[in-house]
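Only one structure is covered here, and it is reproduced in the block below.
The values are calculated or read from the model by the stated rules, or taken from the named source; none is laboratory data. Since we're looking at a predicted model, the values are computed, not measured. Cβ coordinates were reconstructed from backbone atoms using ideal geometry, including for glycine residues, and neighbour counts include every protein chain displayed. Remember, those area values only see protein heavy atoms, side chains included, never the ligands or the DNA or RNA. Shrake-Rupley method; radii C 1.70, N 1.55, O 1.52, S 1.80 Å.
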Amino acid sequence: MHRAFAVDVLACPDCGGRAADLVYRQDNGREYLICAVCDAEFTVINNIPILLPRGRMSVGVIENIRRSAKNPSGGATPGGNKEMVDWKFLSFQYYSRFLEFRESLSVVKPQDIVLDIGCAGGSISGEFNNYIGLDNSCKLISFARNHSDRPFVLADAEAVPFKAGSIDIAISRNMLEHTTKDREIVREIRRVCRTQCIFELPCSDGVSFLIDPVNVIRIKAGLKPGPFFSYGFGHINMKTEKDWEKLLTENGFSINDKRYLGRGVIFKLATFLECAILSHGDNDDIPVRLVQNRKLKFIHAIYDMVYRLDPKTGKSWSRVFIATPKPKDAA
């Protein structure tokens, strides 16, 4: 299996408490992990352990990983290739926001094991010495693996297949707003994280219409939000800054610091236009399409200029919460 992957931090997603050891096996060219307690087997394809609970595991998932395992770029490079470095493969507006987010990474020490939960295309894999990415999208996790030499695992965030306290720093960026299982996920992050966690979350304070106009209208009309056009929109769990803070503090975290990202109304409007133009209902296709469509790369320079000129306000796009796990008796 992947040389950088420390199997000793992994755990069976099916066993109670998810504390059971996984043992690496090879058999007639097949690679898999087997639980030392319940004997459940988890396939490894293209150095990607598929650690979904048995209720989520299917032949279709394995076939999707196999189909996505083809390497379109001719080989992974340390920390990622040029597209990984400049982020033009993911989202033009996302890169400018990341430059501010990077300031929050000062809490990470070089030796820390970092788990990126909801890693998508593995955009920040080159930022850390000991990085592991986790996502439940077959296409995105394969894309990440094909473009980076760092370890990745296909898994659900509400059943994180890592041992309790095995991760120094957990990072969750723009993920909790896309699920209704936010409490379960935050508790799982608390379980595996021993030092600090960095959450980036969009807040519905301020000009929330530009965050997700489809669901803002649906909510005001008394309808349930839905995952429409999931790349730009599809925020089925929209919360205010105070609501996010309450969620974290009630589920095992103390908030040490809070930072604002995303600037003001001009940036939000530009992001809204990008999402409206590029969203096609399947965010899995976004990374590959933007890598291939090199004609659009000039947009990044425009975004960066808009981002720098746009006045930053307390009603900006995202909040970064830097949080510490509470002691178990206080959680």
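Points worth noting:
- Taking every protein chain into account, the 1.4 Å probe leaves Leu140 with about 10 Å² of accessible area, to the nearest ten.
- Protection proxy ranking of 162-170, 218-226, 196-204, by the mean of other Cβ atoms within 10 Å over each peptide's residues and highest first, is 196-204, 162-170, 218-226.
- Accessible area expressed per residue, the stretch 106-235, with surrounding protein chains retained (probe 1.4 Å, Å²): 33
- To put it simply, the accessible area of the stretch 133-198 at a 1.4 Å probe is 44 percent carbon and sulfur.
- In this structure Glu127 has an accessible area near 70 Å², from a 1.4 Å probe over the protein heavy atoms.
- Rough spin-label spacing in nm, given labels placed 7 Å along Cα→Cβ, for Glu103 and Glu63: 4.9
- Taking all protein chains as shown and a probe of 1.4 angstrom, Lys246 keeps an accessible surface of around 110 Å².
- Packing rank of 149-158, 183-192, where each peptide gets the mean count of other beta carbons within 10 Å, highest leading: 149-158, 183-192
- Förster-model FRET efficiency, 22 Å R0, Asp243 and Ile266, C-beta, rounded to 0.05: 0.30
- At R0 = 30 Å, FRET efficiency that the Cβ-Cβ distance of Ile217 and Arg259 yields, to 0.05: 0.50
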